[in-house]
Amino acid sequence: MKFLTRSIYSFLLMLMALPLTQKVYAFADNNKPAGLQCEHLIRPLGIDALSPRLSWMMTDSRMGAKQTAYRVIVGKDSAALVNKKGLIWDSGKILSSASLITYKGVALEAFTKYYWLVEVWDKDSKPASSVSSFEMGMLKTENWKGTWISDSQDVNTKPAPYFRKVFGAEKKIKSARAYIACGGLYELYLNGRKVGNHRMDPMYTRFDRRTLYVTYDVTDQLQNGKNAVGVLLGNGWYNHQSTAVWDFHKAPWRNRPVFCLDLRITYADGSVETVTSGRDWKTTLSPIIFNSIYTAEHYDARLEQVGWNVVNFDDTKWREPIPRSAPSDNIVAQALHPVRNVETIPAKTMNKINDTAYVFDLGRNISGVSQIKVSGEAGTVIRLKHTERLYANGRADMSNIDQHYRPTDDKDPFQTDIFILNGRGEESFMPHFNYKGFQYVEVTADKPIRLTQSGIIGYFMHSDVPVVGNIKSSNPTLDKIWFATNNSYLSNFFGYPTDCPQREKNGWTGDAHIAVETGLYNFDGITIYEKWLADHRDEQQPNGVLPSIIPTDGWGYEWGNGPDWTSTIAIIPWSIYQYYGDARILAANYNNIKRYVDHIQDIAPSGLTEWGLGDWVPVSTKPPVEFTSSVYYFIDATILAKTAGVLNKPEDAKKYMALADKIKTAFNKKYLNTGTAIYGTGLQTELSMPLYWGLVPDALKSKVAANLAKKVEDSKNHIDVGLLGTKAILNALSENGYADLAYKVAAQETYPSWGWWIVNGATTLYENWRIDAKNDISLNHIMFGEVGAWMYKGIGGIKTDEQLPGFKNVVLRPNFVSGLNEFEAKHIGPYGPIISSWKRAGDGVVYEVTIPANSTATVYFPLTDGQKAYRDGKVLADRTDIPAGKYKFEIR
């Protein structure tokens with residue numbers, strides 16, 4: 001299934017890696033639709049969407065390739081479907097270039113697999129078709145047959161519980177699906193083997209308001225005759241036993257982990273049998289003697305029960321489970337890219353301190369876990385301490401990431417797994433229900449142990465979102481900044497966007513909306529964001545207020561929220577719409593955006609608001625909170641007005657555009673000196689935010705931009721901004737005639753800058769511009785990550801067209817910045833690969849572009865000093881519209 005999910009993206013990226021002259025799609029001869037998706041997933045299982053979205057790409061590589069019509073048909077039999085028989089829905093031939101549509105047939109049935117065929121007609125009215133499938137899940141709570149069960153222990157019991165059951169499957173099996181919902185985390189086993197390769201399922205939600213279930217195809221793991229099913233439960237955020245500043249150990253939902261399982265077996269004769277969780281199962285405590293999503297996991301191998309999840313295991317000493325109520329009444333499908341061990345990272349070096357202490361260096365900072373292979377005496381206690389830094393003496397340094405750790409005793413050390421050996425030769429341990437942020441692993445033992453460099457392996461864990469972007473330039477530092485940005489982004493993507501993978505693991509809203517475009521240029525993250533916006537809807541109070549971290553146990557409504565942070569409710573849906581052309585997320589969150597904006601209007605009738613945190617972790621200067629929060633209030637009102645327009649709500653569109661104008665007027669009246677064209681006191685953030693977000697009057701834009709440029713130059717081409725300023729400053733410069741200066745800032749290698757981190761060994765982005773800061777110095781934070789998106793926009797020039805979103809029309813505004821000899825940006829949008837690549841040639845530039853089939857582009861050539869743009873010897877206009885195809889332009 002992993003291959004099916006990622007194959008089209010991997011293939012397209014492979015093609016994109018070829019030299020431009022060699023780019024020919026291997027499947028372009030037949031021009032079949034490719035990348036068929038349902039709900040933005042390939043052949044998903046267990047979805048609950050009653051009107052699922054269906055989408056595809058054209059693979060026609062000819063100049064001007066486009067779709068002139070489409071037809072979608074859906075049926076239950078794949079063979080009949082190809083012959084256009086047995087249909088449950090037929091869209092008919094639609095004269096349209098749309099390649100994202102919504103199913104509009106008869107009601108879909110639970111547990112049913114559907115096949116769908118899309119037929120497209122190209123520019124010559126020649127048809128081609130492809131087939132895919134999707135499978136419905138539970139659809140409604142009433143379809144569950146299993147009982148929610150747990151063991152009889154309370155919330156303070158440390159060991160994780162095992163559950164098992166033996167059942168028969170005597171007839172020939174056609175197919176089998178496991179549906180499992182859980183409060184906490186789980187691992188599911190059949191006949192001794194773990195089901196699937198997901199980690200940390202189900203994804204974290206506000207458990208008492210929405211509970212997720214996951215569907216697995218387990219056909220190949222069942223056998224005729226007796227089978228054994230096993231479940232191991234972990235705490236996750238559901239039963240938070242560690243203490244920290246956010247009070248998750250006091251969460252209103254907190255309880256001993258619980259699950260419900262339906263194993264639905266369809267036999268060859270058409271009959272169906274469902275094996276369910278219930279009191280006929282058995283349970284006992286496992287060797288996982290402690291597990292915390294926040295700190296670590298402890299495992300006593302002496303307590304292992306070999307074969308606990310196979311048929312012939314003796315479970316007579318195990319106990320009966322107890323029935324429990326479900327965590328919530330809202331049990332819905334987890335329809336997203338799951339968390340996995342995505343990348344294996346062997347230790348780069350090992351430093352043996354002595355026979356009981358070793359320090360391993362992975363060579364890069366990651367989110368995830370380590371796996372140890374070790375031999376030693378039974379009862380040997382091994383501690384694996386995971387850190388981002390080392391002390392001067394080579395030992396693990398935790399001081400930069402444990403500031404929010406509030407231990408009640410010494411039994412729960414931060415980011416430190418504890419492994420107790422059973423003494424039966426080489427043993428292996430990897431945490432089941434925890435992940436960390438780290439580069440170094442210090443292994444210490446209370447008795448001598450034998451380790452080699454291969455004894456520690458790191459696994460980079462994150463939501464396994466397909467890669468859809470790539471940056472390559474002639475500046476190694478710039479490329480390393482892009483790589484580090486992506487590593488921090490992925491390190492903070494676990495079914496919801498987080499701030500850091502070690503110290504907090506919280507869904508800080510401000511960090512997420514600043515980095516959303518970086519994510520969307522580089523990864524196919526829509527399924528994660530749609531899930532997280534549902535978390536927003538769960539957490540929003542009736543008056544519209546949102547907490548600063550989402551999901552939350554209740555912390556964050558009183559601190560850290562406000563429009564500068566919780567504008568996620570507006571910015572992320574609008575960004576998804578712009579990058580995917582899919583308005584469903586706008587419709588799903590429209591009322592929530594409206595309630596949020598209305599609340600700000602209630603508390604700030606003047607148009608200015610002081611509600612917020614401000615420009616977080618600045619270099620040295622910070623504007624008033626009213627300044628930055630009012631900018632985001634304007635952003636939210638503007639997005640709401642535009643969203644109302646998209647959703648055909650003209651009265652709301654007019655109302656909220658008037659509100660946006662009111663905010664803009666009030667803001668400029670207070671903060672803009674029209675004589676000097678300076679906002680506030682002229683700080684970098686004060687000049688760049690109004691420019692980037694559209695508050696500057698047209699007549700003053702050039703003057704404000706010039707003032708910003710002078711301010712940056714006075715700082716010796718360095719930034720002097722915080723979190724909010726980093727979103728604006730590079731874009732404000734490059735969009736207003738100062739792209740060369742923006743590049744100088746982005747590529748700086750002295751403090752303060754992204755490159756400063758890189759030259760000091762960073763492989764991820766930091767939380768503070770100062771690498772010697774005493775506070776706020778996590779070494780894996782995404783909040784300063786807009787630089788990754790800016791490379792696509794400010795140098796490559798790949799931008800969305802607000803009027804034709806989803807890259808239906810690609811806006812190309814490249815900047816051939818001084819200091820770079822060549823640059824290439826690639827992005828796979830909903831229509832296929834977009835490539836913007838340029839290289840200096842003598843006194844000119846060769847600019848090469850690829851625009852995918854069924855889309856168009858508008859190119860704005862950055863011409864200076866009498867330059868002109870040519871194609872095939874012909875002079876082009878500064879602004880040129882082009883259809884799909886591959887182009888080579890010369891600027892001279």
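The values are calculated or read from the model by the stated rules, or taken from the named source; none is laboratory data. If you're wondering where the values come from, they're calculated on a predicted model, not measured in any experiment. Here the Cβ positions follow ideal geometry from the backbone for every residue, glycine too, while neighbour counts run over all protein chains shown. Areas reflect the complete protein model, heavy atoms only, side chains present, ligands, DNA and RNA absent. Shrake-Rupley method; radii C 1.70, N 1.55, O 1.52, S 1.80 Å.
Table for the structure above
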read-out: Extension gain (nm, one decimal) between residue 220 and residue 863, 0.36 nm per residue minus Cα-Cα; value: 225.4 nm
read-out: Residues listed by number, segment 57-79, amide nitrogen under 11 Å from residue 266 label point at 7 Å toward C-beta; value: 76-78
read-out: Distance between segment 607-622 and segment 176-209 - C-alpha centres, whole angstrom; value: 41 Å
read-out: For the chain: relative contact order, % (alpha-carbon pairs under 8 angstrom, 6 or more apart); value: 10 percent
read-out: Charge context of residue 554, other residues only, Cβ under 10 angstrom, K/R +1, D/E -1; value: -2
read-out: Accessible surface ranking that places the most exposed of 759, 359 first, with a 1.4 angstrom probe; value: 759, 359
read-out: Tensor-based shape of segment 444-508 (alpha-carbon gyration tensor, a/c under 1.5 rounded, otherwise prolate or oblate); value: oblate
read-out: Neighbourhood net charge (10 Å Cβ-Cβ; Lys/Arg +1, Asp/Glu -1) for residue 819; value: 0
read-out: Listed residue pairs exceeding 31 Å between alpha carbons, taken from 126/793; 104/664; 799/888; 145/174; 348/716; value: 126/793; 104/664; 348/716
read-out: Residue-wise HN-Hα coupling along segment 841-853, computed from phi with Karplus coefficients 6.51, -1.76, 1.60 (Hz; x: Gly, Pro); value: 9, x, 8, x, 9, 9, 10, 10, 9, 10, 10, x, 4
read-out: Built amide H within the under 5 Å cut-off of residue 174, gap 5+; value: 266, 267, 268
read-out: Between 0 and 90°, nearest 10: helix 526-539 axis offset from the chain longest Cα axis; value: 80 degrees
read-out: For segment 666-816: rounded, prolate or oblate by the Cα gyration tensor [a/c cutoff 1.5]; value: oblate
read-out: Calculated FRET efficiency for the pair residue 772/residue 818, C-beta based, R₀ 30 Å, to 0.05; value: 0.40
read-out: Whole-Hz couplings from phi, Karplus 6.51/-1.76/1.60, listed for segment 768-784; x for Gly and Pro; value: 9, 5, 7, 7, 10, 4, 8, 10, 6, 9, 4, 9, 8, 10, 9, 5, 9
read-out: Solvent accessible area, Å² - residue 328, 1.4 Å probe, full protein context; value: 10 Å²
read-out: Nonlocal amide H pairs with residue 169, under 5 Å, H built at 1.01 Å; value: 225, 226, 227
read-out: Accessible area expressed per residue, the chain, with surrounding protein chains retained (probe 1.4 Å, Å²); value: 35 Å²
read-out: Inter-part distance where segment 556-570 and segment 633-660 are each reduced to a Cα centre, Å; value: 20 Å
read-out: Residues of segment 673-689 with amide N under 18 Å of the 7 Å Cα→Cβ point at residue 610; value: 680-681
read-out: Environment charge of residue 716, counting only residues whose C-beta is closer than 13 Å and scoring Lys/Arg +1, Asp/Glu -1; value: -1
read-out: Gain on full stretching of the segment that runs from residue 126 to residue 409 - 0.36 nm per residue minus C-alpha separation; value: 94.7 nm
read-out: Under Karplus coefficients 6.51, -1.76 and 1.60, residue-wise ³J(HN,Hα) of segment 395-410 in Hz, glycine/proline x; value: 8, 5, 10, 9, 5, 8, 10, 9, 5, 9, 7, 10, x, 7, 7, 9
read-out: Point-to-point label distance, residue 716-residue 245, nm (Cα→Cβ direction, 7 Å offset); value: 3.3 nm
read-out: Using alpha-carbon coordinates, inclination of helix 625-646 to the longest axis of the chain, degrees; value: 90 degrees
read-out: 13 Å Cα-Cα reach of residue 447 towards aspartates and glutamates, excluding residues that sit fewer than 8 places from it in its own chain; value: 355, 377
